[in-house]
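Novice: Structure in C-alpha cells, see below.
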Amino acid sequence: MESVIRIRQLGKTYKGIESVSNVHMNIKKGEIYGFLGPNGAGKTTVMRMILNLVKPTSGEIIVLNEIVQPTSYLYLKNIGSIIEYPVFYEALTAYENLELHCEYVGYSHKVAVEEALEIVGLHRVGDKKISEFSLGMKQRLGIARAIVTKPDILILDEPINGLDPIGIKDIRELLVRLKEQLGVTILISSHIVSEIESIADTIGVINRGRLLKEVKMDEIRAQHSNLEQYFLQLIMGDDQHA
Amino acid sequence: MLKLMKLEWKKQRVNSYFKALMICIVSIFGAVSLMAWTSGEEIEPLFPDYAELMKLTNVFIRIVFIIFSSVLLSRLVIDEYRNKTIQLLYTYPLQRKKIIQAKLAIVFGFCFFSIILTSIIINLLVLSLNPMFPFFEAPVHVGQMVASIPTTILNAFMIAGISLIPIYFGMRKKSAPATITSAVLIGFLINSTVSNGGTSASLFQFIAVPIVMCLVGLIIGYLSYYKLDKIDVA
C-alpha cells in the first residue's frame, strides 16, 4: 500500500538536547496509525515536525510524495490537525471559528461547517462563543475543525483528552468511519492505550525520542495478549537497557 | 495578501476600533478646544493662530495613534502568540510571512488613515467652529489647511512606520503590556518638547529623527517575519 507519510532518520536537537533521534515511520494510505509513548517521549515533536511547526535537525519527512522543506506549506492543505490541545478565537462563535478555518484553507464551506458541527454533536451550540465552551466541547470542536475541510490526512495529538466516555466512543466511531468511508489516513496519539488498540491498524512506539517499534496491530494481537502489555514490555525493556 | 487582510480584519473585528477612533478624535479636539477657549481670555493666549493650534493638535495625534497602533499590534500579533492561535495559523497552507505581513499592513494602514482622518475632521471642525467660538484671534483660511496636506500625509506615513517599533519589545516576551508601554514611551519621547520660554522644539521637528525612526519601524516590521518560515514555532 502507498505511503502517505514517510519519515527517515528524523532528528531534533534543541539547545543541545536530542529530543527526537533517528525516527523512521511509514504511514500507509487509509490506515489509522496509533502513536504511543510516555509523556515527553517525542510524540508531539514528531507530529509538529510533520506539520512544519518544528524544523527537523536531521532526516527527512515526505508527505504525499512531497519532501517537506523548512519553507513548505502547500501540502498542509491536505492535513487536518489537533496538536496538544485545540485553540480557538474565544470571541468568535463555534460556527465562525470553523467558517474562518475554511476560508484560510480555501475550502468552500456552505454546508461543510454545519455538517462538521453535527458530526461532533455541536450543531445546537454553533452560535455560542468559545468562551462558553467546556474543555470537552472544545475538544469536539477541535475535531470538527480538523475534519471540516475533508483532508486526506488527520494528525491528532491526544484528541480524546477531556472527553467524557460518550465523547470518546463518538470520536472512536467517527475516526473509524472516516477511515472506512473516506479513506482518510489518521495519525493519532493517546495515553489511553485501550482506545488506540480498538481502532489502530499500525502502532508506533516511541520512548526517549527513539522509535522502538513499528508494528501491525494484527501481529500484536497474534503474539501478545493485548497492546497495553506489549507497550509496557517495550518501554520497560528500553528503560532498563538505558 | 488582500484576502488575508480581509480575514484578519474579520477575525479580529477591526471594525470595532472605529468607535475607539471616533472617541480619540473627539477627545483630541475636546482637549485642544478647551485649552484654546480657557486661554483665550488671558493676555497672552495659548494659540495666537491656526498654525500654533495645529502644532499641539498634531502632538496629541501622534502620541494617541502610536499608542492606539500598539493596542492593535498586541491584538493582532502578540495575542496570537500568547493564546497559541499562531500555531493554528501556521498549519494553514499559507506562507507564514504573508500572514504576519497582512497583520502589520493592517496596523500600518489603520494608523496612517486614522491620522489623515483625524486631521481632516479636526481641520473641518476648526474651520466651521472658529467664527462662532474663536480658538484663536487670527482668521483661518482654507488655503492654510490645504497647504498643510502634504506635511500631514508625510507625518502620517512616518508615524505609521514608527508605530511598528513596539512589536520588537512585545515579541521578546510575547507581552501586550510591553508592547503598549514601549509605545507610550516612544510616543512621549519623540514628541517631548524643550522650550526657553519664547520658542520651543520637539524631537519630531528635527526631520531626521522621524525619518530614522520610521525606517527603524519598517525594518523591525520586516525582521519580525523574514525568517519566520525557517524557524520553530514556540
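Novice: Could you list, in sequence order, all residues of region B:78-97 that are within 14 Å of chain A (Cβ to nearest Cβ) and part of a helix (DSSP H, G or I)? So that I can check it myself, show each step before the final result.
Specialist: Start the filter on region B:78-97 by keeping residues that are within 14 Å of chain A (Cβ to nearest Cβ), which leaves B:79-97.
Of everything in region B:78-97, those that are within 14 Å of chain A (Cβ to nearest Cβ) and part of a helix (DSSP H, G or I) turn out to be B:D79, B:E80, B:Y81, B:R82, B:T85, B:I86, B:Q87, B:L88, B:L89, B:R96, B:K97.
Novice: Mind listing just one residue for me: the one in region B:205-234 that is in a loop (DSSP other than H, G, I, E, B) and surrounded by fewer than 18 Cβ atoms within 10 Å (Cβ to Cβ) and, of those, nearest to the other protein chains (Cβ to nearest Cβ)? Explain how you work it out, then say what you get.
Specialist: Going residue by residue through region B:205-234, those that are in a loop (DSSP other than H, G, I, E, B) are B:206-207, B:224-227, B:231-234.
Now drop any that are not surrounded by fewer than 18 Cβ atoms within 10 Å (Cβ to Cβ), which leaves B:206-207, B:226-227, B:231-232, B:234.
Numbers: B:F206: 42, B:I207: 39, B:Y226: 12, B:K227: 10, B:I231: 7, B:D232: 5, B:A234: 10 Å.
The residue in question is B:D232.
Novice: Does B:F47 meet the test of being farther than 26 Å from A:G106 by Cα, touching a Leu at 6+ places or on another chain (Cβ under 7 Å) and away from chain A (no Cβ under 14 Å)? Steps first, please.
Specialist: Working: farther than 26 Å from A:G106 by Cα: yes; touching a Leu at 6+ places or on another chain (Cβ under 7 Å): yes; away from chain A (no Cβ under 14 Å): yes.
Yes: the conditions hold for B:F47.
Novice: Name the residue, out of A:I155, A:I160, A:I143, that is in a loop (DSSP other than H, G, I, E, B), closer than 25 Å to A:L76 by Cβ and of a type outside the set (D, E). Walk me through how you get there before you give the answer.
Specialist: Numbers: A:I155 fails: in a loop (DSSP other than H, G, I, E, B); A:I143 fails: in a loop (DSSP other than H, G, I, E, B).
One residue alone meets the criteria, A:I160.
Novice: Something else about it: Among the strands (runs of 3 or more DSSP E) contained in region A:1-52, which hold 2 or more residues that are closer than 19 Å to A:M217 by Cβ and in contact with a helix residue (DSSP H, G or I) (Cβ under 6 Å, 6 or more places away or on another chain)? Explain how you work it out, then say what you get.
Specialist: Details: elements: A:3-14, A:17-28, A:32-36.
Hits in region A:1-52: A:32-36.
Novice: Starting from region A:105-132, keep only residues that are small (G, A, S), then list their pairs with residues that are part of a loop (DSSP other than H, G, I, E, B) whose Cβ atoms are within a distance under 8 Å, requiring at least 6 positions of separation or different chains.
Specialist: A:G106/B:P93; A:A112/A:V148; A:A112/A:T149; A:A112/A:K150; A:A116/A:V148; A:S131/A:E90; A:S131/A:A91
Novice: What residue, of A:K43, A:K110, A:K28, is within 30 Å of A:Q229 (Cα to Cα), more than 14 Å from chain B (Cβ to nearest Cβ) and either touching a Cys at 6+ places or on another chain (Cβ under 6 Å) or surrounded by fewer than 22 Cβ atoms within 10 Å (Cβ to Cβ) (or both)? Break it down stepwise before answering.
Specialist: Values: A:K43 fails: either touching a Cys at 6+ places or on another chain (Cβ under 6 Å) or surrounded by fewer than 22 Cβ atoms within 10 Å (Cβ to Cβ) (or both); A:K110 fails: within 30 Å of A:Q229 (Cα to Cα).
Residue meeting the stated conditions: A:K28.
Novice: Quick one: which of B:L94, B:L46 is surrounded by 15 or more Cβ atoms within 10 Å (Cβ to Cβ) and either modelled with pLDDT of 90 or more or on the phi > 0 side of the Ramachandran plot (or both)? Talk me through it step by step, then tell me what you get.
Specialist: Numbers: B:L46 fails: either modelled with pLDDT of 90 or more or on the phi > 0 side of the Ramachandran plot (or both).
Answer to the selection: B:L94.
Novice: Filter region A:53-82 down to residues that are surrounded by fewer than 21 Cβ atoms within 10 Å (Cβ to Cβ) and of a type in the set (V, I, T) and give me whichever is nearest to the other protein chains (Cβ to nearest Cβ).
Specialist: That would be A:T71.
The values are calculated or read from the model by the stated rules, or taken from the named source; none is laboratory data. For clarity, every value in this text was computed on a predicted model and none was experimentally measured. Here the Cβ is made from the backbone with ideal geometry for all residues, glycine too, and neighbour counts use every protein chain on show.
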